[in-house]
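Chemist: Shown below is the structure under consideration.
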Amino acid sequence: MAIVLTSVAMSQQKIHIDEKGNTVSASYFQEKWRHQDLGLSRWDSIGSDGKRYNTLKEDLYRYGKFDYSDIKTEIENITSLKISDSSLLIIEYYYKNDLCTDTRNNRWTRTKINSRKKFTNPIRTKLNKKDIIFICLFEKGIELNNKRNKLNEYFFLDRNNYFRTHIFLKSTLCGSYAAIRPNGETLLRNGEYRADLFAEHLKSENWTLFFGSKD
């Protein structure tokens, strides 16, 4: 049986679609996706025909301005945290039905959460020392077995889908990150990354590339 399952998995047909909607070769797809100057992210999904559709999107970065008080209120509603009006925020967002890895699915057990936290805990500590609040949010529909009322918990379900509806609008392979300033300016990066590296975007010289100089 294992041989059959492996054979089926290996033979699954993959369709590669570029950002213009054209079907392309796997090598051309990978070349475009990895080309940073093109600013592309991707989303993979399984079609009704059983094929895997890998699709490029022109949205590596997105930015805009939101009501910070609304964001602050929603975070406090779904977490055990208290957010000050001057807090810098970084949110890592996990999408439902993400095919980022073979083990990624819509069920996050305590074991799976603890395994992920071995990677994110040092990053969170590093960010906290810079007075940056870091939380991980999971799209509604994901089963998240977290300890919501635990003081140091930072994995939470976006149970009202507020952030999915307002900020993380398009599903992206391996999730997305948002950096939010107290004035409501919000920078979004789609795709696999690290929160501590993303925090470098908060530096004035990097932030002004998106939002302009305040001088």
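Chemist: Taking the Cβ-Cβ separation of residue 102 and residue 185 as r and a Förster radius of 25 Å, what is the calculated FRET efficiency to the nearest 0.05? Intermediate results must be reported in sequence, preceding the final value.
Modeler: Numbers: r = 37 Å, r/R0 = 1.48.
According to the calculation, E is roughly 0.10.
Chemist: Taking a cut-off of 19 Å between Cα atoms, list the lysines near residue 129, but don't count ones fewer than 8 places away on the same chain.
Modeler: Hits, sequence-local ones excluded: 82, 117, 118, 203.
Chemist: Can you give the relative contact order of the chain as a percent, counting alpha carbon pairs under 8 Å and 6+ residues apart?
Modeler: 22 percent
Chemist: Next up: Given R₀ = 45 Å, FRET efficiency for residue 84-residue 49 by Cβ-Cβ distance, to 0.05?
Modeler: 0.35
Chemist: So which cysteines of the chain have no other cysteine's Cβ under 4.7 Å from theirs?
Modeler: If one checks each Cβ against the other cysteines of the chain, 136 turn up with nothing under 4.7 Å.
Chemist: May I pose another question? Mind checking the full-extension length gain between residue 110 and residue 161? Use 0.36 nm per residue of separation minus the Cα-Cα distance, one decimal, nm.
Modeler: Result: 16.2 nm gained on full extension.
Chemist: Taking all protein chains as present, what is the carbon and sulfur share of the accessible area of segment 73-141, in % to the nearest whole number, probe 1.4 Å?
Modeler: Using a 1.4 Å probe with all protein chains present, segment 73-141 comes out at 46 percent carbon and sulfur.
Chemist: Also: Within segment 68-117, which trypsin sites (Lys or Arg not before Pro) sit in a loop by DSSP and count at most 15 neighbouring Cβ atoms inside 10 Å?
Modeler: Filter output for segment 68-117: 82, 96.
Chemist: Right, next: Roughly how many debye, to the nearest 20, is the charge dipole of segment 12-140 about its Cα centre, given +1 on each Lys and Arg Cβ, -1 on each Asp and Glu Cβ, and no other charges?
Modeler: That gives a dipole near 700 debye.
Chemist: Okay, which of segment 86-113 sit inside 13 Å, backbone N to the point 7 Å along the Cα-Cβ direction of residue 193?
Modeler: 90-93
Chemist: Between 144, 24, 61, whose Cα lies farthest towards the positive end of the dipole of the chain when Lys and Arg beta carbons carry +1 and Asp and Glu beta carbons carry -1, centred on the Cα centre?
Modeler: It is 144, whose Cα lies furthest towards the positive end.
Chemist: Over the chain, give the accessible area per residue in Å² for a 1.4 Å probe, as an integer.
Modeler: Spelled out: the 1.4 Å probe surface of the chain, per residue, equals 56 Å².
Chemist: Chymotrypsin sites (Phe, Trp or Tyr not before Pro), restricted to segment 96-188: which are DSSP loop and have at most 10 other Cβ atoms within 10 Å?
Modeler: Values: sites: 108, 119, 134, 138, 154, 155, 156, 162, 163, 168, 177; in loops: 154, 168.
Taking segment 96-188 and a limit of 10 other Cβ atoms within 10 Å, no loop chymotrypsin sites (Phe, Trp or Tyr not before Pro) are found.
Chemist: Could you quote the convex hull projected area for the chain, Cα atoms only and averaged over all directions, in nm²?
Modeler: Its Cα hull, projected and averaged over all orientations, spans 13.9 nm².
Chemist: What is the dipole size for segment 85-215, taken about its Cα centre, with +1 at each Lys and Arg Cβ and -1 at each Asp and Glu Cβ, in debye to the nearest 20?
Modeler: Here segment 85-215 has a charge dipole of around 620 debye.
Chemist: For segment 114-157, calculate the relative contact order in percent as a whole number, restricting contacts to Cα pairs under 8 Å that are 6 or more residues apart.
Modeler: Across segment 114-157, relative contact order equals 31 percent.
The values are calculated or read from the model by the stated rules, or taken from the named source; none is laboratory data. None of the values given here were measured: they were computed from a predicted structure. A quick note on method: Cβ atoms are made from the backbone with ideal geometry, for glycine too, and the neighbour counts reach across all protein chains shown. Just so you know, the surface numbers come from the protein's heavy atoms only, side chains and all, with ligands and any DNA or RNA stripped out. Shrake-Rupley method; radii C 1.70, N 1.55, O 1.52, S 1.80 Å.
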